[in-house]
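Read the structure below first, then the notes.
The values are calculated or read from the model by the stated rules, or taken from the named source; none is laboratory data. Keep in mind the model is a prediction, meaning the values are calculated, not measured. Heads up, the Cβs are rebuilt from the backbone with ideal geometry, glycines too, and the neighbour counts pull from every protein chain shown. Note: accessible area is taken over every heavy atom of the protein model, side chains too, but ligands, DNA and RNA are not part of it. Shrake-Rupley method; radii C 1.70, N 1.55, O 1.52, S 1.80 Å.
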Amino acid sequence: MASYERHVLHGVLAGAITGVVLGVLVLVAVAPHVEGMVRDIVVKTLPAGLAESYVEEVVESALGVARAAVYVAPVVEVVQYVLIGAIFGLVKGVFRERLGFGELTSAAAAGVLHILLLGAIPVLVISTLYAEILGVVSKYINLYLAAAAPGAVFAVSIVLVSSVRGPWTKLVEAKPREV
């Protein structure tokens, strides 16, 4: 298998692991708080002076969407992180093949880049643009931990997949069959 494909496969495997872990975390850590959090966010973002019945209608509508999202989130997390993993696996390949980083260094660099691009920078932007919503969400979930966790899980996963020989090694090192 050509070298970039190997790195992309490492990223896909690390992404699948990350998606499964995050899906479980959503069910365990986010699901119990989703109703209160959604209610507070909707009430905070609606203009003042609206009729109470209208506010309750909007809250119930948002809660319906949020409940459905929480239950499909584990599957969506896996699919999303397989795709993200493929991209960061390719980034790992660039670090390894073009920049000459070692296998573990390139995996760690891809993981750190993931943490920065998909964790730290979005939290900084949200905290700048929507500070009041950030305060509401922080009441229910440690937002900084929630922003760092996906990147940290991905970084650990891609380093492990890249360095430990496991069942995936046969896929990575497989030679095409002649027909």
Practice problem: May I ask you to list pairs of residues, at least six apart or on different chains, whose Cβ atoms are under 9 Å apart, with the first in the range 1-22 being free of Cβ contacts under 8 Å to residues at least 24 places away in the same chain and part of a helix (DSSP H, G or I) and the second being of a type in the set (A, V, I, L, M, F, W, C) and open to solvent by less than 40 Å² (accessible area, probe 1.4 Å)? | Solution: E5/V172
Practice problem: Starting from residues that are of a type outside the set (G, A, S) and over 17 Å from the mean Cα position of the chain (by Cα), keep the ones in the range 9-38 and report whichever is nearest to G151 (Cα to Cα). | Solution: L9
Quiz item: How many residues does the range 132-168 hold that are part of a helix (DSSP H, G or I), free of Cβ contacts under 8 Å to residues at least 12 places away in the same chain and exposed (fewer than 12 other Cβ atoms within 10 Å of the Cβ)?
Solution: 1
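Out of curiosity, is V26 of a type in the set (V, I, T), open to solvent by less than 40 Å² (accessible area, probe 1.4 Å) and over 30 Å from V161 (Cβ atoms)? Write out each step before concluding.
Details: of a type in the set (V, I, T): yes; open to solvent by less than 40 Å² (accessible area, probe 1.4 Å): yes; over 30 Å from V161 (Cβ atoms): no.
In short, no.
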